[in-house]
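> Got a structure for you, written out below as structure tokens; questions coming shortly.
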Amino acid sequence: MALRTADEYRKGLRDGRKVFILGNQVDDVTEDPFIKVGVETGVFDFKMGHDPEMRDIAVTKDRETGEEISTYFDIPDNPEAVAKRFNLVGTACTYGEGAIPFVKDVGTDLINALTATTALMGNKTYQDRVDAYRKHCARNDLSMAGAVTDTKGDRSKSPCEQDSPDYYLRVVDETEDEIIVSGTKAHITASAYCDEIIVIPTRNLSEDEKEYAIAFAIPMNTPGIVQICRPNFRYEDKYHFPTPAPRRGHVEALVVFDNVRVPKERVFMNGETQFAQALAYAFTAFHRFTAVSYKIPIIERMTGLGMLIADANGIETASHVREIFNNMIKYVETTKALAQAAISKPENFLNSGYYVADRLTANIAKLFFASNFHEFVRDIQDLCGGLLVTQPTYQDWQNKDLRPYLEKSLGGGNGYNAEERLKLMSYAHHMVASDFHGWHEVCTIHAEGSFAAQKMMMGLEAPMEMYKDKAREMIGSTKK
Ligand SMILES: Cc1cc2nc3c(=O)[nH]c(=O)nc-3n(C[C@H](O)[C@H](O)[C@H](O)COP(=O)(O)OP(=O)(O)OC[C@H]3O[C@@H](n4cnc5c(N)ncnc54)[C@H](O)[C@@H]3O)c2cc1C
């Protein structure tokens, strides 16, 4: 099958999946006023494959059949694959008009992690199943959500110590051909508008927690899957000034598995507790770098927005504003430099033959980006002034009786008239002062792992003995 078109992707989502939003079941996710934001963001992935200017980046060849497939399914069995992926994800985010399409990123990070981990397990059956699954998705040009995070209940307790067994997804029954799973995965991006869902454990497990050591992939319309989506913002936006590119973004869901039957050929781990953490770890090795890759175009754009706002307010030469510019430049360029540093040292992940960006630097890049984002936003908010949150809406601007008041009161510096200044402020409102922005701040901290997750990885990956040896040399110590 050839690469799908945007319409074929949309059509594929009308498959009887069980999705709820604001308490109501959704008949067609492509038409829901909130979920449509995500669908139309995902659509860019399919547009890219058919855009002659993007094909070099977005399209590759299936190594066996020679047919065209999405570059997301490229097998990263060479060091160059890391830079190629960085380019793909960053370009997709820019092409997606400011949001990453995200309907293949997490899924292919998971397929790569499953390939590497099943190889480490030495389990040929699982390896063959993952390989068949990769081919199935690539050759049918499918989109895949990744479900890693369980609801987790009391964080200080392990899965089998929890009050409810459903705080972690688990196997509740098994037949010769199927496993039956129950439990809930949380915060799953794009699951309402992906074709498939890939599930892995989120943490280490003890030997007596075999039923939680489960990895599999199934279609999103499999009976027993219930998705409860959280609205972010509406596709049709009446309040903000229209922009050439509509606003983009994603929708997360709480994904409930209520006695869901999974065919065994789609099961990639079933009871191997000793590999649960390795799989979660492998996923982060691939996915944390994806996170950094797609954030860069977003923060570049936000930096430019802050600078234009300063122009429109006539403050761009003030010394404190120059200092803010320097802070923003330092933030965006350091994040980029860290990403480049991670690319420059590709690692053969645990000798699996699959290459990832340097794990220590990739984790530092994500931590640096996430822990400085709020200050970066604070600076943009500072440049905007109070109009950021008190500005009249586009509906006021369209009212012929009100517009003259706005025209004569809300112009700015550097030749910005009221309309141009309000357009900027309106976009800034969306980016740094709206409900969407609240989502973005939290997404920055938690999505792709909270601060502690990156710090834990840094502790594991940093060459601490090398640091200590340097100090030992200085004092002539051999004490280990
Ligand atoms: C916008 C968004 C999109 C996301 N998309 C996806 C997705 O597509 N797929 C997916 O699988 N996940 C997704 N996530 C989930 C994300 O990976 C998690 O939010 C993140 O790993 C944190 O987990 P949590 O939300 O359960 O918070 P918690 O883990 O509960 O973190 C809250 C605080 O508790 C601390 N904490 C947690 N456990 C312990 C402990 N045992 N001891 C001490 N302190 C602890 C943390 O360090 C943190 O400070 C998404 C999240 C967001 C916000």
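> Would you tally the residues in segment 173-182 being surrounded by 23 or more Cβ atoms within 10 Å (Cβ to Cβ) and more than 16 Å from the ligand (Cβ to nearest atom)?
Looking only at that region, the number is 0.
> Further, regarding this structure: Mind listing just one residue for me: the one in segment 10-67 that is outside any loop (DSSP other than H, G, I, E, B) and open to solvent by 70 Å² or more (accessible area, probe 1.4 Å) and, of those, farthest from V251 (Cα to Cα)?
Across segment 10-67, the extreme among qualifying residues is K61.
> Just to be sure I understand the filter: pairs with C-beta atoms under 6 Å, separated by 6 or more residues or on different chains, first member in segment 219-237 and polar (S, T, N, Q), second member assigned to a strand (DSSP E or B). Which pairs pass?
From segment 219-237, the pairs are T222/V260; Q227/V19; Q227/A253; Q227/V255.
> While we're looking at this one, here's another question. Within segment 387-398, is even one residue in contact (Cβ under 8 Å) with a residue 12 or more places away in the chain, away from the ligand (no atom under 16 Å from the Cβ), in the same structural domain as A285 (by TED's automatic domain parsing) and surrounded by fewer than 15 Cβ atoms within 10 Å (Cβ to Cβ)?
yes
> What are the residues in segment 142-172 that are in contact (Cβ under 8 Å) with a residue 24 or more places away in the chain, under 19 Å from K210 (Cβ atoms) and more than 9 Å from the ligand (Cβ to nearest atom), if any?
S158, P159, C160, Y168, L169, R170, V171, V172
> Then there's this: Would you check if there is a residue in segment 441-452 being within 16 Å of the ligand (Cβ to nearest atom), open to solvent by 70 Å² or more (accessible area, probe 1.4 Å) and in contact with a strand residue (DSSP E or B) (Cβ under 9 Å, 6 or more places away or on another chain)?
Among the residues of segment 441-452, at least one is within 16 Å of the ligand (Cβ to nearest atom), open to solvent by 70 Å² or more (accessible area, probe 1.4 Å) and in contact with a strand residue (DSSP E or B) (Cβ under 9 Å, 6 or more places away or on another chain), which makes the answer yes.
> Here is a further query. Go through (1) within 16 Å of the ligand (Cβ to nearest atom); (2) at pLDDT 95 or above; (3) surrounded by 16 or more Cβ atoms within 10 Å (Cβ to Cβ) for H374 and report which single condition fails.
Of everything listed in (1) within 16 Å of the ligand (Cβ to nearest atom); (2) at pLDDT 95 or above; (3) surrounded by 16 or more Cβ atoms within 10 Å (Cβ to Cβ), H374 misses just condition (3).
> Now, a different point. Name every residue in segment 424-462 that is free of Cβ contacts under 8 Å to residues at least 24 places away in the same chain and out of contact with any Phe, Trp or Tyr (no Cβ under 9 Å at 6 or more places or on another chain), in order of residue number.
G438, V442, C443, S450, A452, M456, G459
> Something else now. Based on what the data block shows, is I111 in contact with a Lys or Arg (Cβ under 8 Å, 6 or more places away or on another chain), within 16 Å of the ligand (Cβ to nearest atom) and closer than 21 Å to V130 by Cβ?
Against the criterion (in contact with a Lys or Arg (Cβ under 8 Å, 6 or more places away or on another chain), within 16 Å of the ligand (Cβ to nearest atom) and closer than 21 Å to V130 by Cβ), I111 qualifies.
> Within segment 227-247, how many residues are within 14 Å of the ligand (Cβ to nearest atom), surrounded by 16 or more Cβ atoms within 10 Å (Cβ to Cβ) and within 22 Å of R14 (Cβ to Cβ)?
So the answer is 3.
> Ok, one more. Looking for whichever is within 30 Å of A285 (Cβ to Cβ), under 29 Å from the mean Cα position of the chain (by Cα), aliphatic (A, V, I, L, M) and surrounded by 14 or more Cβ atoms within 10 Å (Cβ to Cβ) here; the options are M425, M431, M458. Which one fits?
Details: M425 fails: within 30 Å of A285 (Cβ to Cβ); M431 fails: within 30 Å of A285 (Cβ to Cβ).
Being within 30 Å of A285 (Cβ to Cβ), under 29 Å from the mean Cα position of the chain (by Cα), aliphatic (A, V, I, L, M) and surrounded by 14 or more Cβ atoms within 10 Å (Cβ to Cβ) holds for just one of M425, M431, M458, which is M458.
> Out of (1) touching a Cys at 6+ places or on another chain (Cβ under 6 Å); (2) surrounded by fewer than 24 Cβ atoms within 10 Å (Cβ to Cβ); (3) of a type in the set (V, I, T), what's the single condition that is false for I298?
Just one mismatch for I298, condition (1).
> Within segment 313-323, take every residue that is in contact (Cβ under 8 Å) with a residue 24 or more places away in the chain and over 33 Å from the mean Cα position of the chain (by Cα) and give me the one that is surrounded by the most Cβ atoms within 10 Å (Cβ to Cβ).
By that ranking, first place goes to N313.
> Output the number of the condition that S191 fails; it satisfies all remaining conditions of (1) under 16 Å from the mean Cα position of the chain (by Cα); (2) more than 14 Å from the ligand (Cβ to nearest atom).
(2)
> Any idea how many residues of segment 453-480 are more than 10 Å from the ligand (Cβ to nearest atom), basic (K, R) and assigned to a helix (DSSP H, G or I)?
So the count comes out to 3.
> Can you pull out the residues in segment 399-414 that are closer than 25 Å to E323 by Cβ and open to solvent by 30 Å² or more (accessible area, probe 1.4 Å)?
Start the filter on segment 399-414 by keeping residues that are closer than 25 Å to E323 by Cβ, which leaves 412-414.
Within segment 399-414, G412, N414 qualify.
> Among the residues of segment 194-226, write down those that are of a type in the set (V, I, T), within 30 Å of K36 (Cβ to Cβ) and either within 15 Å of the ligand (Cβ to nearest atom) or open to solvent by 30 Å² or more (accessible area, probe 1.4 Å) (or both).
Selection gives I197, I198, V199, I200, T202, I225, V226.
> Is it the case that segment 253-267 has a residue that's among the aliphatic types (A, V, I, L, M), touching a Gly at 6+ places or on another chain (Cβ under 7 Å) and open to solvent by less than 30 Å² (accessible area, probe 1.4 Å)?
So the first thing to find is which residues in segment 253-267 are among the aliphatic types (A, V, I, L, M), and the list is 253-256, 260, 262, 267.
Now narrow it down to the ones that are touching a Gly at 6+ places or on another chain (Cβ under 7 Å): 260.
From what is left, the residues that are open to solvent by less than 30 Å² (accessible area, probe 1.4 Å) are 260.
The answer is yes, given that some residue of segment 253-267 is among the aliphatic types (A, V, I, L, M), touching a Gly at 6+ places or on another chain (Cβ under 7 Å) and open to solvent by less than 30 Å² (accessible area, probe 1.4 Å).
The values are calculated or read from the model by the stated rules, or taken from the named source; none is laboratory data. All values derive from a computational prediction rather than experimental measurement. In this analysis, Cβ positions are derived from the backbone assuming ideal geometry, glycine residues included, and neighbour counts consider all displayed protein chains. SASA here: full protein model, heavy atoms, side chains in, ligands and nucleic acids out. Shrake-Rupley method; radii C 1.70, N 1.55, O 1.52, S 1.80 Å.
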